[in-house]
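To start, the structure under review is shown below, and the notes come after it.
Each reported figure results from applying straightforward, stated rules to the coordinates on display, with no laboratory input. This is a predicted model, so every value here is computed, not measured. Here the Cβ positions follow ideal geometry from the backbone for every residue, glycine too, while neighbour counts run over all protein chains shown.
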Amino acid sequence: MAARPITVTGGHCWFMGGEADSEDDLRRMVRTHHKRGADLVKVMSAGGFMTTGSAPWYAQFTAAQLAVIVEEAGRVDKPVAAHMHGIEGIRRAVEAGVTTLEHCSFVTETNERRFDEPLAARIAERKIFVCPTINVNAAYIARLPGINVGEHVKTMHEMGVDHRGH
């Protein structure tokens, strides 16, 4: 079970109550999740499709901020699941050493999908899991222009990326 996803103030899924901006806020949020019994820490590394004004390609945290979350979660033995669609959010989460990448749909600033093979190789090298998070919303999402739900799963698996769900 994950608690409220950590997001920047006004960021993707802000309405779920997990807003944190400073390093101290990020550490406190991870500690609060641990205190409340969360099995993992979820962070909105990038924007998403379901929050008005949140661009899916926008990286919400720096790699250093994400590393603070990973470090604090590691201290209490919790994995970190990073939600992201955008390539820069993926890159930063990989650099920070998250446990799993949720969605990982390689969205560009023009809302197109562009598979980044060197980045996928880095994901495999760092042994980071990828969960395409195909759920009850998949039919709706699949109707959006330019989206092929889970289109890079097979390629990434062939590159050595393990796919698991949380």
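The table below lists the values:
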| read-out | value |
| --- | --- |
| Least to most buried among Ser105, Ser54, Ser22 (fewest other Cβ within 10 Å first) | Ser22, Ser54, Ser105 |
| ³J(HN,Hα) computed for each position of the stretch 89-96 - Karplus, 6.51 cos²θ - 1.76 cosθ + 1.60, integer Hz, glycine/proline x | x, 4, 4, 5, 5, 5, 4, 6 |
| The stretch 14-157, relative contact order [Cα under 8 Å, separation at least 6], % | 18 |
| Long-range HN-HN contacts of Lys42 with modeled amide H, under 5 Å | Ala3, Ile6, Ala81 |
| Alpha carbon convex hull of the chain, volume per residue in cubic angstrom | 103 |
| Segment Glu23-Lys127, length gained on full extension (0.36 nm per residue, minus Cα span) | 34.8 nm |
| Ranked His103, His157, His152, criterion: other C-beta atoms within 10 Å, fewest first | His157, His152, His103 |
| Sequence ranges 117-125, 89-97, ranked by mean other-Cβ count within 10 angstrom, highest first | 89-97, 117-125 |
| Residues whose placed amide H lies under 5 Å from that of Val130, excluding near-sequence neighbours | Leu101, Asp162, His163, Arg164 |
| Rounded FRET efficiency, nearest 0.05, which uses the C-beta distance separating Met1 from Thr62 and R0 of 25 Å | 0.35 |
| Karplus (6.51, -1.76, 1.60) ³J(HN,Hα), θ = phi - 60°, over the stretch 34-51, in Hz, Gly and Pro reported as x | 4, 4, 8, x, 4, 7, 8, 9, 10, 10, 8, 5, 9, x, x, 8, 9, 10 |
| Where a label projected 7 Å from the Cα of Met50 along Cα→Cβ would reach, residues of the stretch 77-119 with amide N under 17 Å | 81-86, 102-105 |
| Sorted by Cβ density within 10 Å, fewest first, the residues Met84, Met50, Met29 | Met50, Met29, Met84 |
